[in-house]
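Trainee: Would you mind keeping the following structure in view while I ask a few things?
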Amino acid sequence: MWQQHLVIAPILIPLLAALLQLLPWGENPQRYRRLIGIVACILTISAAVTLLLQVHQYGMQVYAVGSWQAPFGIVLAVDRLATVMVLLSALLSLPILAYACYGEDNLGSHFHALFQFLLLGINGAFFTGDLFNLFVFFEVLLIASYALLMHGGGKLKLRACLHYVLLNLAGSALFLIALGVLYGTTGTLNMADMSGKIAALTGDEAALARAGGMLLLVVFGLKAALLPLYFWLPQAYTMTTGTVAAMFAIMTKVGVYSILRVFTLVFGETAGAASLLGYEWLWWLGLATLLIGAVGVLGSRDMRMVISYLVVISVGTMLTTLSIANERAVSAVMYYLIHSTFVTAALFLVVDVMAMQRGKTASRIVSGRKLAQHSVVAIMFFAAAITIIGMPPLSGFVGKLHILEAARVGDQANWLWPVVLGSTLVIMVALARAGSKMFWHTLEGKAGETRSANGQLVAVTVLLSAAVLLTVFAQPVSAFTDAIANDLYQPQRYIYQVLGGSTL
Amino acid sequence: MEALFAITVGMLTACSVFLILRGRSFPIVVGITMLSYAVNLFLFSTGRLVIEGAPIIGNTKPIADPLPQALVLTAIVIGFAMTAYAVILAVRARGEIGSDEVNDLDHSDAEGQR
């Protein structure tokens, strides 16, 4: 009985938790809010794991909200891809929230509630099967992220946040225009239904639908930080607090997920006049994003800025590979996506620990005093660095290997191999320089006295252990990502499940 | 009617794009507000422009599409909240930084601080 409602649990749990956290909790409210937050994260993880097992065993699940059948009502369409993304965000949120509970949540008000609202928006965006609903969940996660970005306050955050808010407001307007165009031509907003209707369009209508699709690509590119639209990212991620930046590691992935979903289902190979729309653009812009990211990594003088550009590089890598448009490529992208989310988040937290212990020099790449917990933090930093560079033995190597394998033949290899390998070299140089400057060329004199709580170090270790687990269980994980890719390239199964066979 | 409607939406969009491209936060916020008006009007028209049609099947001959009306309502609510947040943010930025220039010219000095 209750099992059929499990699908909506990853959306309801954060919502209820956030509402509970907003209640006045007496003298010392933060204690209760932390407890509620942690419990909610654990519950979301268990719901996501259960769903993943169910979906993997019995296939995709469709939840018609309010029992309004698709395409008339809004459905949550939960396939392997959506569940894996929700599990990813849930697994990411727990260690980050635990880290934040050691004081960072006191910097501003309502951190915990906003954090849960952010999770609500992210999980909803992954689960929904309706384009307008996707817009609504985007707005939910955006408004939470606006407030989280300002967490702690300060002039620099204010400016970065202003840029982020204004850009995303313009992006939301574009999203609505795209939806209007698509609704005007196809008469539906359900993705599965739209997929069939788009394929039947011809002439002017098809041209309009293509224009709408390209507008959607611009919007998702803005969220994912694709080349001409990435300028908000380095400032925003550098200026905000460590935990928020770590949680934002999943935010660009929401954009990548949306591209992956919409441009395989609606504008996939079967879309008639609008088939494989924008893939050419994704390929070249993705490569350019990779190059610009590499330049940014080399040119940054601040460790946070370096990581922000690493995010840009990972987005470029994923979108370029995605545009090869075959199952192997999508499978590689999924593996890389999981790996890069965890490692980027871990790096943001490690640098936050470093900045706190170094004191005045913070995260700038200059010689500073020795850290209080020098060796532990150094080991964490180098493990994370090795993973993100893509050196063996950790998961970055496996991820990059998959990506290079996916583009082994033809023209694609001539472009992708040099750019990916070249950017890897650049990242290695930049991180080696930063690491040696900050950990080995320390100033004479006594070490700093600020120590990080053990719980914070444990949280970082948990995130880093994901890299180890992804390496040890690389085979089952990539078998699963193969299944995801297979799902995405058989859109008729998704369509059949969502529409319940009523149109067949 | 279609031409008038299209010209209205186009004018609003053109003005808003001009305003958004300015370098100060106040014109940008006004521009974004105008853009959301343009978008709402545009969304409204995606169900085709119908006069004297009820949004219920079977009562009148021309039927008005109810879905875009629902979408516009949602978009208005969300757009209103977002604009309010942007206005507050712009006011605070004006107060704390002391100028409403969107791009600070000497922010590179402050790199590395939070």
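The values are calculated or read from the model by the stated rules, or taken from the named source; none is laboratory data. Note that the structure is predicted; figures quoted are calculated from it, not measured. As a convention, Cβ positions derive from the backbone with ideal geometry for all residues, glycine included, and neighbour counts pool all protein chains shown.
Trainee: Considering only residues that are in a loop (DSSP other than H, G, I, E, B) and hydrophobic (A, V, I, L, M, F, W, C), look in region A:21-54 and name the one that is farthest from A:Val84 (Cα to Cα).
Mentor: Kept after step one, since they are in a loop (DSSP other than H, G, I, E, B), are these residues of region A:21-54: A:22-28.
Cutting the leftovers down to hydrophobic (A, V, I, L, M, F, W, C) gives us A:22-23, A:25.
Working: A:Leu22: 29, A:Leu23: 32, A:Trp25: 35 Å.
Looking at residues that are in a loop (DSSP other than H, G, I, E, B) and hydrophobic (A, V, I, L, M, F, W, C), I get A:Trp25.
Trainee: Output the helices (runs of 4 or more DSSP H) that fall wholly within region A:370-470 and possess 2 or more residues being within 16 Å of A:Leu290 (Cα to Cα) and out of contact with any helix residue (DSSP H, G or I) (no Cβ under 7 Å at 6 or more places or on another chain), or say none.
Mentor: Values: elements: A:374-389, A:395-406, A:411-435.
It comes to A:411-435.
Trainee: State the number of residues belonging to region B:17-33 that are without any contact (Cβ under 8 Å) to a residue 60 or more places away in the chain and under 18 Å from A:Leu162 (Cα atoms). Quick ask: steps written out before the conclusion?
Mentor: So the first thing to find is which residues in region B:17-33 are without any contact (Cβ under 8 Å) to a residue 60 or more places away in the chain, and the list is B:17-22, B:27, B:30-33.
Still in the running and under 18 Å from A:Leu162 (Cα atoms): B:17, B:19-22, B:27, B:30-33.
Count: 10.
Trainee: Just one of (1) aliphatic (A, V, I, L, M); (2) surrounded by fewer than 24 Cβ atoms within 10 Å (Cβ to Cβ); (3) touching a Lys or Arg at 6+ places or on another chain (Cβ under 7 Å) trips up A:Ile324, so point out which.
Mentor: Failing condition for A:Ile324: (3).
Trainee: Still on this model: Is at least one residue of region A:184-196 at the interface with another protein chain (Cβ under 8 Å from one of its Cβ atoms), surrounded by 20 or more Cβ atoms within 10 Å (Cβ to Cβ), part of a helix (DSSP H, G or I) and free of Cβ contacts under 8 Å to residues at least 60 places away in the same chain? Outline the logic, then answer.
Mentor: Our first condition is that a residue be at the interface with another protein chain (Cβ under 8 Å from one of its Cβ atoms); within region A:184-196, this holds for A:184, A:189.
Among the residues that remain, those that are also surrounded by 20 or more Cβ atoms within 10 Å (Cβ to Cβ) are: A:184, A:189.
Now narrow it down to the ones that are part of a helix (DSSP H, G or I): A:184.
With the extra rule that they be free of Cβ contacts under 8 Å to residues at least 60 places away in the same chain, the set shrinks to A:184.
Yes, there is a match, as at least one residue in region A:184-196 is at the interface with another protein chain (Cβ under 8 Å from one of its Cβ atoms), surrounded by 20 or more Cβ atoms within 10 Å (Cβ to Cβ), part of a helix (DSSP H, G or I) and free of Cβ contacts under 8 Å to residues at least 60 places away in the same chain.
Trainee: Shifting gears a bit: Between residues in region A:262-282 that are within 18 Å of A:Val181 (Cβ to Cβ) and residues that are of a type in the set (Asp, Glu) and surrounded by fewer than 16 Cβ atoms within 10 Å (Cβ to Cβ), which pairs lie under 8 Å by C-beta distance while being six or more apart or on different chains?
Mentor: From residues that are within 18 Å of A:Val181 (Cβ to Cβ), the pairs are A:Ser275/A:Glu269.
Trainee: Quick check on region A:120-137. Is at least one of its residues under 18 Å from B:Met82 (Cα atoms), within 11 Å of another protein chain (Cβ to nearest Cβ) and touching a residue at least 60 places away in the same chain (Cβ under 8 Å)?
Mentor: Among the residues of region A:120-137, not one is under 18 Å from B:Met82 (Cα atoms), within 11 Å of another protein chain (Cβ to nearest Cβ) and touching a residue at least 60 places away in the same chain (Cβ under 8 Å), which makes the answer no.
Trainee: Within region B:80-96, take every residue that is over 22 Å from B:Val39 (Cα atoms), of a type outside the set (A, V, I, L, M, F, W, C) and facing another protein chain (nearest Cβ under 7 Å) and give me the one that is surrounded by the most Cβ atoms within 10 Å (Cβ to Cβ). Full working, then the answer.
Mentor: Going through region B:80-96, the residues over 22 Å from B:Val39 (Cα atoms) turn out to be B:88-96.
Of the ones still in play, those that are also of a type outside the set (A, V, I, L, M, F, W, C) are B:92, B:94-96.
Now restrict to residues that are facing another protein chain (nearest Cβ under 7 Å): B:92, B:96.
Values: B:Arg92: 16, B:Glu96: 12.
Selected residue: B:Arg92.
Trainee: Residues in region A:204-219: is at least one at pLDDT 90 or above and not in a helix (DSSP H, G or I)?
Mentor: There is no residue in region A:204-219 that is at pLDDT 90 or above and not in a helix (DSSP H, G or I).
Trainee: I'd like to check something: does region A:462-474 contain any residue that is out of contact with any strand residue (DSSP E or B) (no Cβ under 9 Å at 6 or more places or on another chain), surrounded by fewer than 16 Cβ atoms within 10 Å (Cβ to Cβ) and within 12 Å of A:Tyr335 (Cβ to Cβ)?
Mentor: Yes, there is a match, as at least one residue in region A:462-474 is out of contact with any strand residue (DSSP E or B) (no Cβ under 9 Å at 6 or more places or on another chain), surrounded by fewer than 16 Cβ atoms within 10 Å (Cβ to Cβ) and within 12 Å of A:Tyr335 (Cβ to Cβ).
Trainee: Does A:Ser423 count as among the polar types (S, T, N, Q) and surrounded by 15 or more Cβ atoms within 10 Å (Cβ to Cβ)? Can you show your working first?
Mentor: Numbers: among the polar types (S, T, N, Q): yes; surrounded by 15 or more Cβ atoms within 10 Å (Cβ to Cβ): yes.
Yes, satisfied.
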